[in-house]
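Working notes, beginning with the structure itself.
The values are calculated or read from the model by the stated rules, or taken from the named source; none is laboratory data. Being a predicted model, the structure only gives us computed values, none of them experimental. Reconstructed Cβ throughout: ideal geometry from the backbone, glycine too, with neighbour counts over all protein chains shown. In case anyone asks, the SASA skips ligands and DNA or RNA and just uses the protein heavy atoms, side chains included. Shrake-Rupley method; radii C 1.70, N 1.55, O 1.52, S 1.80 Å.
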Amino acid sequence: MRLLKGMMLSLLGSMVIVLGACGNTQQQSEIAETNGDPQTGAARKYETVMGEIEIPKDPKRIVATQYLGHLLTLGVKPVGAGTASLNQYFLQDLTDGIEDIGDDKAALEKIVALDPDLIIRPSDKNYEEFAKIAPTIVIPWGAKDVYAELREFGEILGKSEEAEAAIRRYEEKLAEAKAKLDGVVKEGETVGVYEIWAKNFWVVGESFGRGTRNLYTGLGYQPPEAVKEHIVNGGAGRDISLESLPEMAADYMFVTVYDADGGGDRAKEILESALWKSLPAYKNNRIYLLDINQFSAGDLISLEKQLEIQTNLLLGSGK
């Protein structure tokens, strides 16, 4: 009888210990869900173009194969970024301590070594491989306006206030530029952005960057009517022939050259042609050759710097 009573007391004690342990585990789980477990970190659901995924509520180790400018605009420095992003002209002074992961598939091994808790990609290429390393958000490149992209990053990273502040600052810069440029480009005059490649001659659209957003959406200038549908509202641009240029040429022309594969030689041929020198913009000293490296990015940090260059060039028109 004493033996049976002792066994019952022992069993009861074990049950109390187990129940207590379960209670502690549940309580710890609730705390982690609310405040973020220091080891695992709290996660939340986020809807992406690849479907709903779990991402950290407060990511600390971000790898971005693109969109570095947006992250830096929000005051967020990733642990790793793609080579092309790190080489963006107006971002280079802000990239100390960011690991160069190379570009795309070649980056996988370096990304693994960085132990990220979030990866940001501009396309779904090799998505499964990236997603095996860490939660991976795909934000399709060029699908949204820069404001929409920046606001999405603000939502992802808990930096919505910083995103709105950056947009306000950029809008203030635009307002200042408009005031300085008042009356420079007359009503009815057009502004265009052009890029010369080895085998192509582009009228650049807003989705391709090259400072087009500043000129069209920002300052309100108009491209030539013949190419307008290809330029504004996120247009992809249009490949034209040299022969059609007189119809496509603007009164004010910003020009970049893509040197690769003979682009520099092609540009020299065009810029020295009789047809080019017959353009009204050429005769009126309104053609501006730009450094393509300075105009390749479309984040707000770069756009502000590009706006300064564009404003100063336009203010010097005809001088």
Which residues, counting only those in region 251-272, are closer than 24 Å to residue 224 by Cα, open to solvent by less than 100 Å² (accessible area, probe 1.4 Å) and in a helix (DSSP H, G or I)?
266, 267, 270, 271
Matching residues in region 218-246 - criterion: being at pLDDT 95 or above and closer than 19 Å to residue 307 by Cβ
218, 219, 220, 221, 222, 223
State which residue pairs qualify: first residue within 30 Å of residue 47 (Cα to Cα) and inside region 157-184, second residue open to solvent by 80 Å² or more (accessible area, probe 1.4 Å) in any location, beta carbons under 9 Å apart, and separation of 6 or more residues or different chains.
157/58; 158/57; 158/58; 160/151; 163/151; 163/155; 164/151; 167/151
In this structure, does residue 151 turn out to be within 29 Å of residue 65 (Cα to Cα), open to solvent by less than 50 Å² (accessible area, probe 1.4 Å), among the basic types (Lys, Arg) and assigned to a helix (DSSP H, G or I)?
no
May I ask you to say which residue of 180, 173, 199 is outside any loop (DSSP other than H, G, I, E, B) and exposed (fewer than 15 other Cβ atoms within 10 Å of the Cβ)?
180
Is region 31-48 home to any residue that is open to solvent by less than 80 Å² (accessible area, probe 1.4 Å), at pLDDT 95 or above, closer than 22 Å to residue 139 by Cα and not in a loop (DSSP other than H, G, I, E, B)?
no
Give the residues of region 124-160 that are of a type in the set (Gly, Ala, Ser) and within 21 Å of residue 79 (Cβ to Cβ), sorted by residue number.
131, 134, 154, 158
Please enumerate the residues belonging to region 297-319 that are open to solvent by 50 Å² or more (accessible area, probe 1.4 Å) and either within 30 Å of residue 166 (Cβ to Cβ) or of a type in the set (A, V, I, L, M, F, W, C) (or both).
305, 308, 312, 313, 315
Can you pull out every residue in region 278-293 that is open to solvent by 40 Å² or more (accessible area, probe 1.4 Å) and touching a Phe, Trp or Tyr at 6+ places or on another chain (Cβ under 7 Å)?
282, 286, 293
Sort through 111, 156, 53 and tell me the only one that's of a type in the set (A, V, I, L, M, F, W, C) and in a strand (DSSP E or B).
53
Options 6, 97, 75: the member that is modelled with pLDDT of 50 or more and surrounded by 10 or more Cβ atoms within 10 Å (Cβ to Cβ)
75
